[in-house]
Amino acid sequence: MAILKFDTPIQFIKGVGPKLGDRFKDHGVFTVQDLLEWYPRAYEDRRAARSIASLKPDELVSLRAEVVAVKSYTLGKSRRKVYDLIVRDETGRIHCKFFRVPYKGYFERFKPLSKVRVIGKVTHYRGQIEFHHPDLQDDAPDTVTDDDIVVPIYPETEGVTNRQLRKLIGFVLDELRKTIAASPGDFEKLDKLPRWVLEEALLPSRFEALDKVHRPPKDATLEFAELKSPFHRRLIFEEFFWLELWLASRKEGMAREPGLPFEKKLEAATKLKQSLPFALTKAQLRTFDEIVKDLSGHTPAKPMHRLVQGDVGSGKTLVALMSALVAIENGYQVALMVPTEILAEQHYRTAKKLLEPLGIQVGLFTGSIKTAERAQAQALLDRGEIQFAVGTHALIEDAVVFKNLGLVIIDEQHRFGVHQRAKLKNKGQKVAATKGSKKTAEIEISPHFLIMTATPIPRTLAMTVYGDLDVSVIDELPVGRSPIQTRVGYESHRDKMLNFVKAQIEKGRQAYFVYPLVEESEKIDLKNAMTEFETLKEKFPEFRLGLLHGRMKPDEKEQVMRSFRDGEFQILVATTVIEVGVDVPNANIIVIEHSERFGLSQLHQLRGRVGRGEHKSFCLLMLGRAVSEEARDRVRVMEETTDGFVISERDLEIRGPGEFLGSRQSGLPGFKLANIVRDVRILQESRDAAFKIFQRDPKLSSIEHRPLRDELLRAHGLTSLASIG
Ligand code: ADP
Ligand code: MG
């Protein structure tokens, strides 16, 4: 057999036929390297083997047992399908429940009387203990010998068992060790991390780490089983490292880019400030100062890339408008991009109200504006007559051309991908660069960027997703806001809740009712906006109700929103379309039905629709029937705190980064072993290392750092790095 290397295709490994090869490929495993990155997701510590009678809630245990039966049934009202594998040993029986099947045919191999190992956390449920989604291993003689006491458990997929994986990976590691012995020099190159980085962080080599992670040492400790060994740390460090190195290179690169030199012109912004019926908060003023410094405080000028984080209702819009005025006073245009049409229209109205008196032309750009009108607005923009353009992603269409775009503001950034930022950047200036008196090339001067987000991104995530930005935090709410009172309610509280809403409306207030679905669904038994709109109309014949959901035409939506804002509707029945930004200060109650169906950060956003005016506000979180204790406890977090940062940290812990942001949307790479929540210390270490590398060697030109540069270019399909030129 040929020499095995990291890049050897999977089908060339001895023992992998075309069939198994294809199966691996279905899961993105094409090479030896990919196979080695099929990491164990847990370890079974056979020293911890227990008897069923001795189990206590919340322990992580492994036990040997015999299959009694596999049953499946549906669970009460929720109609969830449950698979129940019952096992026993000499001391008792226990149920292993699965609420989804790992893969089709998974349970077929667990015939009655067959021997299994069950590894998992003991769960306490309705007065008895059981396992939920434990790992099940065939307990037959295999590649594991009796003196192997810590055994890797791989995420199984159809047709690839743990036993196969252990054998195959073991073989590959042995072969690789031979390759290394034959030519150590070549192999060293495969470890791209600079030696000084590994030494400073006390990390083993990549091969050593891979070997141990797949074949735990005999003296492996509990630390190892919890994926906290130096070997795990090494691999996790590297996963973070490539991302952080990329961010560091971007930050370096941006710092060197030429920017538009603005003068510190604050006349218009000051006028705006003075026209307001309230004073700006200290945090708003500080953030504005930071922005002004970015725009006008650098020689030579460089583009601003600033993220403004501020909880819902902290008043980000005003900071954005004041910043826009600085750009406009300098003779440039400003684009404000938002994720929804409702929000675009709302910002458009606010901007018109506040900026037109200062003699500034405001334009609206959304997908639903009619062709003729749109063409007209585009012409005005092209000629520079529209100075402030508000819109949705319609703003990044090719047909939209600016005369001289100087500042881009992106609101509710978490709803956009990274790529939209790049597209707007390209709408910036093209300026002829000169060398002496000779024109050399057209260079692009990037507009300044101001990015705003109300989903308080947990610090850990901010470090990764927004790691290349400067950050301002508006950590203060305008005075006079009383905290929103939040209560979790059950079906039995429904009448009381409705009476409470009624009393508030009679005092002149308005209310939102939010539902997880637009209309009735056969698949899920949940309340929906359309049906409940009718129910509530019957319940409150004396009130006027509006209905708002994502399937309505844009102008219908706008009409309903306007009526609600103008007080013509007292109740707005809606889906989560109202989640971002909607601002109706007179609305002081939000009722969220099936609150267990929403993420905490989403509930926080929804709750942010109230508490925006002087009235005491209320958020009533209704739970569906048959909600698990776990889901209920999760929703209860909302009663404990109104701090968006705390909530988002909790949300991230509970749901994990993928669910929290959606990895495609966030631009986060899918980590194989690393976990942003669990491994935050390692993340910080690798970030420090990445930035230190750029400090020492900004062009990554030393022999030691060249592989880093090559890898960055390869991974991002570039011919040169921004920072390197
Ligand atoms: P968000 O940060 O959620 O985008 P907005 O910019 O929509 O918040 O502001 C929420 C509400 O608070 C708006 O009605 C706005 O006019 C008002 N507001 C903003 N700043 C202040 C302030 N300093 N004092 C009082 N009200 C303010
Ligand atoms: Mg806002």
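The values are calculated or read from the model by the stated rules, or taken from the named source; none is laboratory data. This one's a predicted model, so the numbers in the text were calculated from it and none came from an experiment. Virtual Cβ from ideal backbone geometry, glycine too; neighbours counted across all protein chains shown. Calculation scope for accessible area: heavy atoms of the full protein, side chains included, ligands and nucleic acids excluded. Shrake-Rupley method; radii C 1.70, N 1.55, O 1.52, S 1.80 Å.
Worth pointing out:
- Listed conditions (1) over 29 Å from PHE278 (Cα atoms); (2) surrounded by fewer than 23 Cβ atoms within 10 Å (Cβ to Cβ) are all met by THR642, apart from (1).
- In segment 575-608, the residues that are without any contact (Cβ under 8 Å) to a residue 40 or more places away in the chain, assigned to a helix (DSSP H, G or I) and within 16 Å of ligand 2 (Cβ to nearest atom): GLN602
- Subset of segment 609-626 (residues that are within 14 Å of ligand 2 (Cβ to nearest atom) and out of contact with any strand residue (DSSP E or B) (no Cβ under 6 Å at 6 or more places or on another chain)): GLY611, ARG612
- Strands (runs of 3 or more DSSP E) fully within segment 1-109 counting 2 or more residues that are at pLDDT below 90: 42-45, 60-75, 80-89
- Of the residues making up segment 548-580, those that are more than 15 Å from THR366 (Cβ to Cβ), within 16 Å of ligand 1 (Cβ to nearest atom) and among the aliphatic types (A, V, I, L, M) number 1.
- Flag if ARG166 is open to solvent by 50 Å² or more (accessible area, probe 1.4 Å) and either among the basic types (Lys, Arg) or in contact with an Asp or Glu (Cβ under 8 Å, 6 or more places away or on another chain) (or both): no
- Among the residues of segment 545-560, just one is of a type in the set (Gly, Ala, Ser) and in a strand (DSSP E or B), namely GLY546.
- Verdict on GLN485 being within 32 Å of the chain's Cα centre (by Cα), on the phi < 0 side of the Ramachandran plot and in contact (Cβ under 8 Å) with a residue 12 or more places away in the chain: yes
- Within segment 496-529, the set of residues being assigned to a helix (DSSP H, G or I), in contact with a strand residue (DSSP E or B) (Cβ under 7 Å, 6 or more places away or on another chain) and free of Cβ contacts under 8 Å to residues at least 60 places away in the same chain comprises ALA529 only.
- Counting only residues that are open to solvent by less than 50 Å² (accessible area, probe 1.4 Å) and over 26 Å from ALA351 (Cα atoms), segment 571-597 holds 11 of them.
- One residue from GLY550, GLY546 being of a type in the set (Gly, Ala, Ser) and open to solvent by 30 Å² or more (accessible area, probe 1.4 Å): GLY550
- Options TYR83, TYR106, TYR73: the member that is of a type in the set (Ser, Thr, Tyr) and open to solvent by 60 Å² or more (accessible area, probe 1.4 Å): TYR73
- Residue that is in a loop (DSSP other than H, G, I, E, B), among the aliphatic types (A, V, I, L, M) and either open to solvent by less than 10 Å² (accessible area, probe 1.4 Å) or not assigned by TED's automatic domain parsing to the domain that holds ALA574 (or both), where the choices are VAL326, VAL400, VAL334: VAL400
- Whichever residue in segment 343-362 is more than 10 Å from ligand 1 (Cβ to nearest atom) and buried (at least 23 other Cβ atoms within 10 Å of the Cβ) and, among such residues, is farthest from the chain's Cα centre (by Cα): ALA351
- Qualifying residue in segment 247-256 (condition: buried (at least 21 other Cβ atoms within 10 Å of the Cβ) and under 33 Å from the mean Cα position of the chain (by Cα)): yes
- Within segment 390-413, the set of residues being within 16 Å of ligand 2 (Cβ to nearest atom) and under 12 Å from ALA377 (Cβ atoms) comprises VAL390, GLY391.
- Some residue of segment 284-293 being aliphatic (A, V, I, L, M), within 12 Å of ligand 1 (Cβ to nearest atom) and under 35 Å from the mean Cα position of the chain (by Cα): yes
- Output for segment 110-123, where each listed residue is assigned to a loop (DSSP other than H, G, I, E, B) and open to solvent by less than 30 Å² (accessible area, probe 1.4 Å): PHE110
- Residues that are surrounded by fewer than 21 Cβ atoms within 10 Å (Cβ to Cβ) and in a helix (DSSP H, G or I), drawn from segment 273-295: LYS273, GLN274, SER275, LYS282, ALA283, LEU285, ARG286, ASP289, GLU290, VAL292, LYS293
- Just so you know, in segment 301-315 the residues that are near ligand 1 (Cβ under 9 Å from one of its atoms) and open to solvent by 20 Å² or more (accessible area, probe 1.4 Å) include one that is farthest from the chain's Cα centre (by Cα), and it is GLY315.
- All positions within segment 497-516 that are loosely packed, with under 11 Cβ neighbours inside 10 Å and either touching a Cys at 6+ places or on another chain (Cβ under 9 Å) or more than 21 Å from GLU568 (Cβ to Cβ) (or both): ASN499
- Residue pairs meeting the criteria (Cβ under 7 Å; at least 6 apart or on separate chains; first farther than 30 Å from PHE694 by Cα, in segment 255-267; second open to solvent by less than 60 Å² (accessible area, probe 1.4 Å) and assigned to a loop (DSSP other than H, G, I, E, B)): GLU263/ASN330; LYS265/ASN330
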